[in-house]
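K.L.:
Here it is, the structure in full.
The values are calculated or read from the model by the stated rules, or taken from the named source; none is laboratory data. Note that this is a predicted model, so its numbers are computed, not measured. Cβ coordinates were reconstructed from backbone atoms using ideal geometry, including for glycine residues, and neighbour counts include every protein chain displayed. With ligands, DNA and RNA removed, areas are computed over all heavy atoms of the protein, side chains included. Shrake-Rupley method; radii C 1.70, N 1.55, O 1.52, S 1.80 Å.
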2 protein chains.
Amino acid sequence: MARDWIHWGDNSTEGLPIDEMMIGQIRTRSSDSYVTDSSSSATAYSCGIKTYNGGVAVNDDQEPCGTVLEAAKLKGFMTGLIVTSRITHATPASYIAHIYDRDKEANIALQEIGYAHPLGRTVDILMGGGKCFFTPQGTASSCRKDNIDALAIARTLGYTVFEDRATFDKSLKLPYLGLFTQDHMSFEIDRDPKKEPSLTEMAIKGLNDLYKATKESKEGFFVMVEASRIDHAGHGNDPTAHLHDILEYNRAMNAMRKWIDEHDDSPTVLISTADHECGGLTLGYELDGAPEYWFAPQYFAGSKNSTEKLARAWRDATTTDLARYVRENIFKPYGVMSPTNDEVSRAIGLKNSTSGFGVFLGQVLSERLGVHWASLGHSAVDVTLYGYGVNHEDFAGQHDNTEVAEFVAKQLDLKLDPITEKLRKNTSWIKDNVKPQPGEAPKLKGRDVAMHHH
Amino acid sequence: MARDWIHWGDNSTEGLPIDEMMIGQIRTRSSDSYVTDSSSSATAYSCGIKTYNGGVAVNDDQEPCGTVLEAAKLKGFMTGLIVTSRITHATPASYIAHIYDRDKEANIALQEIGYAHPLGRTVDILMGGGKCFFTPQGTASSCRKDNIDALAIARTLGYTVFEDRATFDKSLKLPYLGLFTQDHMSFEIDRDPKKEPSLTEMAIKGLNDLYKATKESKEGFFVMVEASRIDHAGHGNDPTAHLHDILEYNRAMNAMRKWIDEHDDSPTVLISTADHECGGLTLGYELDGAPEYWFAPQYFAGSKNSTEKLARAWRDATTTDLARYVRENIFKPYGVMSPTNDEVSRAIGLKNSTSGFGVFLGQVLSERLGVHWASLGHSAVDVTLYGYGVNHEDFAGQHDNTEVAEFVAKQLDLKLDPITEKLRKNTSWIKDNVKPQPGEAPKLKGRDVAMHHH
């Protein structure tokens, strides 16, 4: 979809930057579902094991598994996690925290900074959103249900903590923790560059700082960079947010490729894939019989905000002329220049349902674009694998998602089993942090009602 | 979907045979649409050029372009086209016939056997369905509007012509033309092996015969094998027909891979891809919020016929108890063991609409499976590229569909331009066969209303 949008603009037929790095495909099913969630797929990427949907770097028995990031750090590498979601979200969490349920983000925050973690601090750069899980209850926007000030703890553990673009632009000492938003960072289309850096800027800053920090070292660095919000745009069936986060992902990939080319004194391999598809996005409707189809990327031209942002604006709007307001201030900035009267009526009916209105607005544009969403959730299709740099060609072809961790471990000469053993020895930590606490639902494997019963 | 069905059966997490041969991706857009049709994509594969949807081995100006099959034959290779569609359908046609409109299958039949073709006969093996375009009007099931007996002409041109399984099983002299059905061959799930060979059987017979015929030659052979009916199952939104034709495609790919391994005296490269996706098939619905999903391949277990076959049986059924009949004889063999009363009512309402009922029946099973179809037509997504054998690794990565012809030409050391020139010199042939005839609509480039106007 993003490529076709570019082609509409410049009449080219070339690929995107990622197309030039395409090397294979990844199978994503989890241990208890053909359709994986983010934490189980990220656990395959970090630990090299299949686990159940919802498990964060734990196996089906809810025992912790050592990750490539932990193994790299213990071997002397420097490490980083750079995302546009909350830093406590499933994907980054699965590289550094171990817990039976991805929703326990207050605990994940503490593990990430090395506080509630038996290996101590293992990550040198943490950047993303999600400040709300680091501030004690009662403070503005806090998501915690306790009085723990995780930012204060992070400072005690040596982190430079910052929350603003101005500090991001400065030269910073490792380790650092940059949290730019309370919740997820903005979709690229909505981002205010004065407040939040782009994914590309964060990735390149991370690479530069990790490179400098390991220049004199025999070991190098490991960093996981996630264009997290592509998934959220899929969940919201928002083609505009999706398009612009994909384009930013392409800019980040292109910048990292260039960075690798410019740093041949630090031989680096870049591997990129998705944890899963989201939304069941397909391109094109048939028009009264083949071979004529409707797929019109030009309808993106006037679309300048995400449905998430516009749905909030619509909910908060106070006006006596709702129809006029929604036409001018909601449909129009989303690129829907001439909504039908029926669409305007439905918008008015959904004014107080931000998620319902968001999906509706996405659908209105999707119909004009000729794109189709099958689901508000993930799908079971394979995801594409990209690679660049040292030895990336060794990972060409189709792989199970667990092989991603194996490839990374091989490149960095890491052993994950000793890390797993070390983690599992700490039984009191496991009882208090990894396993369900008294009164909590177990959330064990097998929740997917559709799995094999034959 | 096919892999997950296998996984449900054996609890494995391994790939399918094709997964082991996955090497890249193909971009498919045509010259006048982001969503290609089969003839324009096949023309990219055969001639290495972009053309408009509907054009068969012609450019945007409806001038013929030389194909890899024609170039191979003229260089001394032996050639074959083996498909499960009508042999006159867009994909095989685009390797050997040149015409402005894919629907002109009566003319395509004549070009394919080398009759209405300036290069004469260039294909040594033709197998598939589509006999109706080879028999004169007035004979049973004929699709021709003239008195031409193309089978008699084929015999005159040297072809062994056969229509039955028994002859297929014999040793046959090249060239031969095997047409097993009037229309397309059966979906694999419906196929009667006493009447029609499988795709795998046809492919291996073709390889063996081309191998024998070129054993003493300095040149080898070129053959295009198409699992044609996967696309038709997509157009019909029939998950069962789709699954079983994909499984048969896997068997054929596996058999060809094995054949290559066993014939290292005839170094062979196998490249396989689709001309386009069809149906916008995605896997999985969300259940009351992630991370729980519904995707249940076990619902395939009782599904034993295509919707095409069952829709015809339902149309032809004569019974006084329609509800009972449709439950027992239509829903049940499709694997829908307990249709709702509403589903039974709708089936009765659609009794005389075979295509409408077919799509409805596919939808009933798709909902139980948790699979989703976005369209009754093609989509613009990239298709997967598979490769095996000599130099296949040179074609790894993502490519535009025109590069498929370039790769084949390079492997066989073919030049397409001289073929194109030779074809274009024959102006009377072009006037009478390639271009629209007096009174016919021009069907020129630009029919896709959604293309760029900016």
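K.L.:
Just one of (1) touching a Phe, Trp or Tyr at 6+ places or on another chain (Cβ under 8 Å); (2) more than 12 Å from every other protein chain (Cβ to nearest Cβ); (3) among the small types (Gly, Ala, Ser) trips up B:Gly370, so point out which.
P.N.:
(2)
K.L.:
Please list, ordered by first then second residue, the pairs with beta carbon atoms under 8 Å, 6 or more apart or interchain, first in segment B:135-164 and touching a residue at least 60 places away in the same chain (Cβ under 8 Å), second of a type in the set (Phe, Trp, Tyr) and surrounded by 13 or more Cβ atoms within 10 Å (Cβ to Cβ).
P.N.:
none
K.L.:
Select from segment B:273-297 the residues that are charged (D, E, K, R) and surrounded by 23 or more Cβ atoms within 10 Å (Cβ to Cβ) and write down the one among them that is farthest from the other protein chains (Cβ to nearest Cβ).
P.N.:
Applying the filter and picking the extreme gives B:Asp275.
K.L.:
Does B:Ser338 count as free of Cβ contacts under 8 Å to residues at least 40 places away in the same chain and open to solvent by 20 Å² or more (accessible area, probe 1.4 Å)?
P.N.:
yes
K.L.:
So which helices (runs of 4 or more DSSP H) stay within segment A:1-111 end to end and still have 3 or more residues that are over 18 Å from the mean Cα position of the chain (by Cα) and either more than 8 Å from chain B (Cβ to nearest Cβ) or of a type in the set (Asp, Glu) (or both)?
P.N.:
Because the criterion is at least 3 residues that are over 18 Å from the mean Cα position of the chain (by Cα) and either more than 8 Å from chain B (Cβ to nearest Cβ) or of a type in the set (Asp, Glu) (or both), the helices (runs of 4 or more DSSP H) in segment A:1-111 that meet it are A:2-10, A:17-20, A:68-74.
Yes or no, residue by residue, for (1) at pLDDT below 95; (2) of a type in the set (A, V, I, L, M); (3) in the same structural domain as A:Val390 (by TED's automatic domain parsing); (4) outside any helix (DSSP H, G or I):
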site	(1), (2), (3), (4)
A:His184	no, no, yes, yes
A:Leu207	no, yes, yes, no
A:Tyr211	no, no, yes, no
A:Phe222	no, no, yes, yes
A:Ala274	no, yes, yes, yes
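K.L.:
Which number in (1) open to solvent by less than 50 Å² (accessible area, probe 1.4 Å); (2) part of a helix (DSSP H, G or I); (3) charged (D, E, K, R) marks the one condition that B:Glu196 misses?
P.N.:
(2)
K.L.:
Right, here's the next one. Give me the pairs: first residue in segment B:166-189 and touching a residue at least 60 places away in the same chain (Cβ under 8 Å), second residue among the acidic types (Asp, Glu) and in a helix (DSSP H, G or I), beta-carbon distance under 8 Å, and six or more apart or on different chains, which are they?
P.N.:
Listed pairs, sorted by first residue: B:Leu174/B:Asp209; B:Phe187/B:Asp245; B:Phe187/B:Glu308; B:Glu188/B:Asp245; B:Glu188/B:Glu248; B:Ile189/B:Asp245.
K.L.:
To continue, here is another question. If you go through segment A:370-379 one residue at a time, do you hit one that is touching a residue at least 12 places away in the same chain (Cβ under 8 Å), under 22 Å from the mean Cα position of the chain (by Cα) and surrounded by fewer than 20 Cβ atoms within 10 Å (Cβ to Cβ)?
P.N.:
Yes, segment A:370-379 contains a residue that is touching a residue at least 12 places away in the same chain (Cβ under 8 Å), under 22 Å from the mean Cα position of the chain (by Cα) and surrounded by fewer than 20 Cβ atoms within 10 Å (Cβ to Cβ).
K.L.:
Exactly one of (1) part of a loop (DSSP other than H, G, I, E, B); (2) in contact with an Asp or Glu (Cβ under 8 Å, 6 or more places away or on another chain) is unmet by A:Asp146. Its number?
P.N.:
(2)
K.L.:
How many of the residues in segment B:341-362 are surrounded by fewer than 17 Cβ atoms within 10 Å (Cβ to Cβ) and either of a type in the set (S, T, N, Q) or in contact with a Gly (Cβ under 7 Å, 6 or more places away or on another chain) (or both)?
P.N.:
Summing the residues that are surrounded by fewer than 17 Cβ atoms within 10 Å (Cβ to Cβ) and either of a type in the set (S, T, N, Q) or in contact with a Gly (Cβ under 7 Å, 6 or more places away or on another chain) (or both) in segment B:341-362 gives 5.
K.L.:
Please state which one of B:Ala106, B:Ala116, B:Ala152 is open to solvent by 30 Å² or more (accessible area, probe 1.4 Å) and not acidic (Asp, Glu).
P.N.:
Going through B:Ala106, B:Ala116, B:Ala152 in turn, the sole match is B:Ala152.
K.L.:
Looking at A:Leu270, is it part of a strand (DSSP E or B) and either in contact with a helix residue (DSSP H, G or I) (Cβ under 7 Å, 6 or more places away or on another chain) or within 14 Å of another protein chain (Cβ to nearest Cβ) (or both)?
P.N.:
yes
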